[in-house]
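Read through the structure below, which is laid out as structure tokens, and then see the notes.
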Amino acid sequence: MKFNPANEIQDLQYFGEFGGVNPSISDSSTYTFLTAKSMSDTFEGTAEGCYLYSRHTSPSNLHLAEALAAMEGTEAANVSASGMGAITPVILQLCGAGDHVVSSRTIYGGTYAFLKNFAPRLNINTSFVDITNLASVEANINENTKIIFCETVSNPLLEVADIEGLVKLAKKYNLKLIVDNTFSPLSVSPVKLGADVVIHSLTKFINGSSDTVGGVICGTTEFIDSLKSVIDGASMLLGPTMDSLRSASVLKNLRTLHLRIKQHSYNATYLAHKFEADGLKTVYPGLASHPSHQLYKTMINDEFGFGGMFTIDVGSIAKANALMELMQHKNLGYLAVSLGFYKTLFSAPGTSTSSEIPEEEQAQMGLSDGIIRFSIGLDNDIERTYKMMKACMKELNIL
Ligand code: PLP
């Protein structure tokens, strides 16, 4: 049977300590041992089922990790305090001084800044490439390369990484393929396509409430254990631990992810088609005009659609700012970074989430300053939303 990430989550069963329908929240930073021997065994990793300290893991974090591993079809997962708290330990666990990364050049600005400005301090250097051009990816691999890093659907340009093509390169050169799947949970299952590690910023669609930051790393048991090692694990030693209260609340929100993603996709598809037909330069993987539309169709788990993100280019930053302010004024959404909220969120990435990328590099990658990134909300009546957005565009002579 075809892998269905939502069924994998649904098929898990949890009970609380007193038969509750939700698992009990672990409200402890540390744990008692019945014997001193079991404490030392736990530190050596030889005692199953014992908890040592909540920076290492907690029962609540394990519940959420189990559900996210099921969703991605991996053996294990480790949750973290933020998406960056997932990305940076993965890179640092797999790369040391002298190693090299091949990364997509269109990635979240924080990941770009980490690879471009911070990792070189540790002598980890990165070649940024057009990830849609496999020949260019291959040409940039050298004998020090350890990982290929990409986003399934990139932030903010919505370029699609050919995961199966990248898997072939990773195998050929014995590299790990790390995929940030934040923009496309449920829609794409990168490990099922052959990727080694999948990361999410839980802050976005997965939690969906814009009330916390969070992250997850999904991979093999061996890799997740290595991140949590008390001796040399990047997650354990850098300490980006999620709090148990938060992991319990993210787990509850995960229950509705399948419904939300379908509605985000439905609404974004509706608006993207309408705006394109109105003559606006619209980028959405669900549009036939998207350069990777055919490829993306082969990658997605159909029922979850093409996702909730699209961009339009209104020509200048002045127009983009005026439109976003007017749409906020009309209560069509919020002028805010981030994504995956019930309400539509919009921002101009060139001056916000991608401002870490120097202007000339933004120009090279096609990130012009009139681009507005939309994370389309769960609006019940998307036709009404469209009419109201169009009225804003007319008022500002954008349409
Ligand atoms: N990955 C992507 C694709 C993102 O958009 C973001 C944040 O915007 C992150 C990672 C970082 O996540 P967080 O803000 O939870 O650290």
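Residues are listed down the side, and each one gets a yes or a no for (1) away from the ligand (no atom under 14 Å from the Cβ); (2) crowded, with 24+ Cβ neighbours inside 10 Å; (3) not assigned by TED's automatic domain parsing to the domain that holds Ser247:
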residue	(1), (2), (3)
Ala77	yes, yes, no
Ser82	no, no, no
Pro89	no, yes, no
Leu92	yes, no, no
Gly96	yes, no, no
Ala113	no, no, no
Lys116	yes, no, no
Arg121	yes, no, no
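Of all residues in the range 132-142, none are under 19 Å from the mean Cα position of the chain (by Cα), within 17 Å of Ala195 (Cα to Cα), modelled with pLDDT of 95 or more and crowded, with 22+ Cβ neighbours inside 10 Å. Taken over the range 178-230, the criterion of being in contact (Cβ under 8 Å) with a residue 40 or more places away in the chain, among the charged types (D, E, K, R), assigned to a loop (DSSP other than H, G, I, E, B) and more than 10 Å from the ligand (Cβ to nearest atom) is satisfied by Lys228 alone. Residues satisfying the criterion are absent from the range 240-252 (criterion: in a helix (DSSP H, G or I), free of Cβ contacts under 8 Å to residues at least 40 places away in the same chain and surrounded by fewer than 16 Cβ atoms within 10 Å (Cβ to Cβ)). Based on what the data block shows, is Pro156 outside the structural domain of Phe374 (by TED's automatic domain parsing), open to solvent by less than 10 Å² (accessible area, probe 1.4 Å) and within 11 Å of the ligand (Cβ to nearest atom)? Against the criterion (outside the structural domain of Phe374 (by TED's automatic domain parsing), open to solvent by less than 10 Å² (accessible area, probe 1.4 Å) and within 11 Å of the ligand (Cβ to nearest atom)), Pro156 qualifies. So Gly233 fits all but one of (1) more than 16 Å from the ligand (Cβ to nearest atom); (2) touching a Pro at 6+ places or on another chain (Cβ under 9 Å); (3) closer than 28 Å to Asn7 by Cα; what number is the exception? Result: Gly233 passes all but (3).
Scanning the range 211-235 for residues that are crowded, with 21+ Cβ neighbours inside 10 Å and over 20 Å from the mean Cα position of the chain (by Cα) returns no hits.
The values are calculated or read from the model by the stated rules, or taken from the named source; none is laboratory data. All values reported here derive from a predicted model rather than from experimental measurement. Note that we place each Cβ from the backbone using ideal geometry, even for glycine, and neighbour counts take in every protein chain shown. Calculation scope for accessible area: heavy atoms of the full protein, side chains included, ligands and nucleic acids excluded. Shrake-Rupley method; radii C 1.70, N 1.55, O 1.52, S 1.80 Å.
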